[in-house]
Ligand SMILES: [Zn+2]
């Protein structure tokens, strides 16, 4: 059954079941299958990308609907995670190019309202990520005795799934992807962590490590955070995930990013997370042995790309953490809503007996496993 029908029937059968519903005050059914997409921002010159703005926004809204409704770990959930991250990037790029200051909609504002995706954009996603069909489904590949594994989303897109069994109840590892964000943005996150005696992992991009970026990660590392490898760029030259590279090219690009981190912080990075969580099993094994990097996925995806309101993201993140009781939390320090949420979250952890543990736990657990 197509995802939209599954979601629709789920909502019709279990309207009160929606995890997001408890955060919404004024639910209406009037637009249950309607499409509410704002017009593209005003612009003097509307180029091809801007002409596609509504399609990207509608499809982002569609995946935002799914993000908090799908059961964590299921294929629908992983697809939403991959596609939503990609689409948020597209929408932000177009808005920045137009000089607009963000879409006016709270994308996930109403869990009863379902958005219809653009078929053109869905086709683009299939092309970029290689989403296949349910036929020809590949078996999961265990990486290093079950610590992480590769599952195949939509039959053919390899996705890194993390195991957090090395964490005890109440233990949290915080991770921030895609930085360092310029100016004071990433530093605001680092300052909040420091004020709470907490450390996190910053999965950074080599392309952002000019002089200013290097100065930021130097401070992050001095505070005891792990500065780790996300990629050199977030995608290949053609906008695809690392699966479009040969293993050799993947190693070269990641090695370049690792070198920049080492030169800026004086510490060789220990951890790696592929953009979108998408990487092939063979390439991942080569990264582990060739670059001596430990792969780290996540077990709590805040889906922070889907929510613009810090209040909404904070409430949803807490609900996700309570539900699992521990985990490796994924956020992006490039998003304003995420930076505000982590500030409040650190306080909430203290008041609710959660402990932010050092990322070194993953390295120790992985090494112990290798030595078995
Ligand atoms: Zn990323």
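The values are calculated or read from the model by the stated rules, or taken from the named source; none is laboratory data. Worth saying up front: this structure is predicted, and the values here are computed from it rather than measured. Ideal geometry is used to build each Cβ from the backbone, glycine not excepted, and the neighbour counts take in all protein chains shown.
Data for the structure
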{"item": "Members of the range 324-339 found to be assigned to a helix (DSSP H, G or I) and modelled with pLDDT under 95, listed by number", "result": "336, 337, 338, 339"}
{"item": "Some residue of the range 340-358 being in contact with a helix residue (DSSP H, G or I) (Cβ under 8 Å, 6 or more places away or on another chain), surrounded by fewer than 22 Cβ atoms within 10 Å (Cβ to Cβ) and part of a loop (DSSP other than H, G, I, E, B)", "result": "yes"}
{"item": "Cross-chain or 6+ apart pairs with Cβ under 9 Å, the range 190-213 first and within 15 Å of residue 359 (Cβ to Cβ) and without any contact (Cβ under 8 Å) to a residue 40 or more places away in the chain, then within 16 Å of the ligand (Cβ to nearest atom) and part of a strand (DSSP E or B)", "result": "190/202"}
{"item": "Number of positions in the range 162-186 that are within 16 Å of the ligand (Cβ to nearest atom), part of a strand (DSSP E or B) and either closer than 24 Å to residue 324 by Cβ or out of contact with any strand residue (DSSP E or B) (no Cβ under 6 Å at 6 or more places or on another chain) (or both)", "result": "6"}
{"item": "Tally, over the range 187-207, of residues that are within 16 Å of the ligand (Cβ to nearest atom) and over 19 Å from the mean Cα position of the chain (by Cα)", "result": "0"}
{"item": "Index of the failed condition, residue 227 passing every other in (1) touching a strand residue (DSSP E or B) at 6+ places or on another chain (Cβ under 9 Å); (2) modelled with pLDDT of 95 or more; (3) over 20 Å from residue 295 (Cα atoms); (4) within 16 Å of the ligand (Cβ to nearest atom)", "result": "(3)"}
{"item": "Residue, surrounded by the fewest Cβ atoms within 10 Å (Cβ to Cβ), within the range 147-189, restricted to residues that are out of contact with any helix residue (DSSP H, G or I) (no Cβ under 8 Å at 6 or more places or on another chain) and more than 30 Å from residue 352 (Cβ to Cβ)", "result": "183"}
{"item": "Residue among 132, 136, 99 that is loosely packed, with under 14 Cβ neighbours inside 10 Å, under 21 Å from residue 282 (Cα atoms) and at pLDDT below 90", "result": "136"}
{"item": "Candidates 283, 365, 270 - the one that is in contact (Cβ under 8 Å) with a residue 12 or more places away in the chain and surrounded by fewer than 20 Cβ atoms within 10 Å (Cβ to Cβ)", "result": "365"}
{"item": "Residue count, the range 308-336 (criterion: away from the ligand (no atom under 16 Å from the Cβ) and either within 22 Å of residue 92 (Cα to Cα) or out of contact with any strand residue (DSSP E or B) (no Cβ under 7 Å at 6 or more places or on another chain) (or both))", "result": "16"}
